Structure formats: C-alpha cells, structure tokens
Amino acid sequence: MPELPEVEVTRRSFADRIAGASVERVRLGKPLRWPLGCAPEGLVGRRVQAVQRRGKYLLVQLDAGWLLLHLGMSGSLQFAAALPPPGAHDHFEMHTSRGLLRLHDPRRFGAVVHVPSLDDTRARKLLDGLGVEPLEAGFDPLAFHRSLQMRRASIKQVLLAGDIVVGVGNIYASEALFLAGIRPTTRADRISRPRAARLHRAIVDVLQRALALGGSTLRDFSSAEGQSGYFQLDAMVYDRAGQPCRVCATPIRSLRQGQRSTYYCPLCQRP
C-alpha cells in the first residue's frame, strides 16, 4: 500500500509539471471507492493551480474546487505528454494542456473525489481526523508523548491509526520501532518520555530516508514518472522474517497485528 513517502514522491514527480494546465477532458473507468462527486464534463476548462498533500491524500487545487486523490492499496499515478491506451485497471484520466494524468488501480480501493472547497463535508470527513504531519514543524516530541500516554493499544497499532501522527504506515512503523528499540507490541501508554523521543526521531529519520530513496516498491508502486522506489532494499526488519538482524544477527520474527504483518528483532527491540 502506498504510504506517506510514496504519496509525497508521487506529488513531487508531477506537481510542477501539471501546475497551470487546463483540463481538456476527463474519462472514468470502473467505479472507485467513492464517486467523483460531479459530472466529468464539469471539470473541463478548470485550471490546475497546485498539488498539495495531506497524509496519504493528494490535493489537486483547481481554480474552482479541489480533487482529492487517494491511491488506496494498489494505486499509482502516471503523468506524461502521451500514454498508451487505457487498460482494464486505468480508472481515471484527466487530459490537460500539459499532459495526461492517469490513475492505475488494480484493486480499486483508491479514489478521486471533487469538492468545491476543503470545508465541504466530504473533504472534512476524509481529512479532519488526520494527525500531525511527521515531516513538518508541528510534530512535537512532547506532544507526541502526551498523546501516547492516552492510548492503551500497542504502539504499532497506534502509529497505524494515523490520528496522532499521519502517514506512518506498516513498512515505516516497523522500521521506526526497530530504530527506536521498541517492541511493536508494547502498550503506547507505557512508553517513557525518553523512549517516545527516540521514536519521534526514528519516525522522522525513516520517512526522510524513504523519500530520498524514492519510497518503497514492493509490487507495483512507481512515481508519476514511472520510477521505482528502493527503500525496501535497505529495510532493517520489514519482510525479513527468519533472516539475521543486521545489528545483532538474531533471526527477525514476525507476527500479525490488526491483520497486518509486523516484523521485529526480539533482542534489539525491548517491551
């Protein structure tokens, strides 16, 4: 599933190129997670002003309204002057004066939603519950610790929930917890202030490294320019069950938490 680094890599790969483009035609394929919210022809003539990101949502600002894009479990965007004819898994195309923006999503858990403003009830339903951005100044270590003290769930599940800090998905939560030396099953409210500070630093470090490496390509993720990510090649624990820890050589273990696979080192990560 594309996580924050992959979504930000995608944004950076086409935001400057599409800015200023006018919409010439919109084509819809099979239904996605939510309806578009307007007639496709209603977008024709709109001009793209900017592409922002909030959590795992891409926010395409138009001169009238916004498009909220989510890549779901298997989605990716392409943006180019010309692309091959659409296939069975290409479900949204926006032809513009600067190129074609296409959403490819085999599992169709992604979405493209038009709203007149970010104050619209549909936009607020999707965005209001998101936590702070981990790569912005608002991600404060003391506030992070205070929020953890209010949660009795395991720290891995708290990170995945996204309402304290947004965008730390399964891959990067496992990696950050390893870097901080915290067992993923540890209850969030039992994490001390020093350990929370280490986890805060680890989250920022892991996400920054992932951005620098173009994100992670496990199956079919690529940027809007078609580039794969390489963070997975440097992973310390993720998807390495049974392999030796890169630090202590203890075999990496895996378990299921909330129907997601979790990876950890039983020696380097303490409860």
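Among the residues of region 250-267, write down those that are over 12 Å from PHE178 (Cβ atoms) and either in contact (Cβ under 8 Å) with a residue 24 or more places away in the chain or outside the structural domain of ALA235 (by the TED database) (or both).
The answer is LEU255, GLN257, GLY258, ARG260, SER261.
Would region 135-152 turn up any residue that is assigned to a strand (DSSP E or B) and open to solvent by less than 60 Å² (accessible area, probe 1.4 Å)?
The answer is no, given that none of the residues of region 135-152 is assigned to a strand (DSSP E or B) and open to solvent by less than 60 Å² (accessible area, probe 1.4 Å).
All but one of (1) modelled with pLDDT under 95; (2) in a loop (DSSP other than H, G, I, E, B); (3) open to solvent by less than 10 Å² (accessible area, probe 1.4 Å) hold for VAL237; state the number of the condition that does not hold.
Unmet condition: (1).
Considering only residues of region 103-112 that are assigned to a strand (DSSP E or B) and open to solvent by less than 10 Å² (accessible area, probe 1.4 Å), which is nearest to SER76 (Cα to Cα)?
My answer is LEU103.
List pairs: first residue in region 143-155 and not assigned by the TED database to the domain that holds HIS200 and at pLDDT below 95, second residue open to solvent by 20 Å² or more (accessible area, probe 1.4 Å) and among the basic types (Lys, Arg) anywhere in the structure, Cβ distance under 7 angstrom, at least six positions apart or on different chains.
Hits for this filter: zero, empty list.
Within region 159-179, can you find the residues that are buried (at least 24 other Cβ atoms within 10 Å of the Cβ) and either part of a helix (DSSP H, G or I) or of a type in the set (S, T, N, Q) (or both)?
Those that are buried (at least 24 other Cβ atoms within 10 Å of the Cβ) and either part of a helix (DSSP H, G or I) or of a type in the set (S, T, N, Q) (or both): LEU159, ILE171, TYR172, ALA173, SER174, GLU175, ALA176, LEU177, PHE178.
Those residues that are farther than 12 Å from ASN170 by Cα, in a strand (DSSP E or B) and open to solvent by 50 Å² or more (accessible area, probe 1.4 Å), I need them from region 241-271; list them, please.
Within region 241-271, PRO244, PRO251, ARG253, SER254, ARG270 meet the criteria.
Can you tell me which residue among ASP205, ASP220 is modelled with pLDDT of 70 or more and either under 17 Å from GLU3 (Cβ atoms) or open to solvent by 50 Å² or more (accessible area, probe 1.4 Å) (or both)?
From the options ASP205, ASP220, the qualifying one is ASP205.
The values are calculated or read from the model by the stated rules, or taken from the named source; none is laboratory data. As the structure is a prediction and not an experimental result, all values here were calculated from the model. Cβ: placed from backbone, ideal geometry, glycine included. Neighbour counts: every protein chain shown. Keep in mind that these areas ignore ligands, DNA and RNA; they rest on the heavy atoms of the full protein, side chains included. Shrake-Rupley method; radii C 1.70, N 1.55, O 1.52, S 1.80 Å.
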